[in-house]
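Asker: My questions will all concern the structure given below.
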């Protein structure tokens, strides 16, 4: 029975990934100010948020892309940057690309996608609820400054949420609140935020685990998808083998606030 259950979970994860991957690529395209089409990949750019890796990166959507060609594609599409970011959406290709890009001075992070059934689930306390972007600004900006970022970078990483509003037909931001109504982040008991692109209100998935605070849940049907934007440790398996798109960056290390 355990093997059968595990097989079912793995199958669900595989089916989910087949829907999630095109959604993630489409979301990135729609929120981008500029896109550059390249073989098996595309570049997203946004001059208003030039220091945001999320909005200035190479995204590889094809499973048969040539890993050796990716650094040149990134340079071609992004131009001179302090650090180039490449996101490989196919897990198998990400594994193949890792040693090739490591030789080109890229470091690997992993985006871990978590999923669970949410139909009929009771909300945990404190529950996350929709919040207006205007309400989040001060809390997000404080959090960026707490990470030691300069004010210009903190401003860009705060205001880039306006670009996410273009990513889907309906985009909502979620936040938990302290008893006094202040936007609140449970990790460490400090004020903070969470950010989301969703269809409907939904719950958080519990402890942040090994990834940095500040993650992006996406709602697809009745499941939660969370992409951890800046993992610095290998993630533990969650309900079988979760899909793990690879994120590879070249250049100096950056603070956790830069995603």
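The values are calculated or read from the model by the stated rules, or taken from the named source; none is laboratory data. All values derive from a computational prediction rather than experimental measurement. We place every Cβ from the backbone using ideal geometry, glycine too, and count neighbours over all the protein chains shown.
Asker: So if I check each of 39, 80, 67, which one is exposed (fewer than 15 other Cβ atoms within 10 Å of the Cβ), touching a helix residue (DSSP H, G or I) at 6+ places or on another chain (Cβ under 9 Å) and either closer than 25 Å to residue 171 by Cβ or without any contact (Cβ under 8 Å) to a residue 40 or more places away in the chain (or both)?
Answerer: On inspection, the qualifying residue turns out to be 39.
Asker: If you don't mind, another one. Can you tell which of 65, 97 is in the same structural domain as residue 33 (by the TED database) and in a helix (DSSP H, G or I)?
Answerer: Result of the check over 65, 97: 97.
Asker: Let me ask you something else. Restricting attention to region 68-94, which residues are part of a loop (DSSP other than H, G, I, E, B) and more than 26 Å from residue 15 (Cβ to Cβ)?
Answerer: 79, 80, 81, 82, 83, listed by residue number.
Asker: Shifting gears a bit: Testing residue 112 on (1) surrounded by 16 or more Cβ atoms within 10 Å (Cβ to Cβ); (2) under 23 Å from residue 152 (Cβ atoms), one condition comes back false. Which one is that?
Answerer: With (1) surrounded by 16 or more Cβ atoms within 10 Å (Cβ to Cβ); (2) under 23 Å from residue 152 (Cβ atoms) applied to residue 112, the lone miss is (2).
Asker: Further question: Buried (at least 21 other Cβ atoms within 10 Å of the Cβ), in contact with a helix residue (DSSP H, G or I) (Cβ under 8 Å, 6 or more places away or on another chain) and either touching a residue at least 60 places away in the same chain (Cβ under 8 Å) or over 30 Å from residue 38 (Cα atoms) (or both): does that describe residue 97?
Answerer: When the stated conditions are applied, residue 97 passes them.
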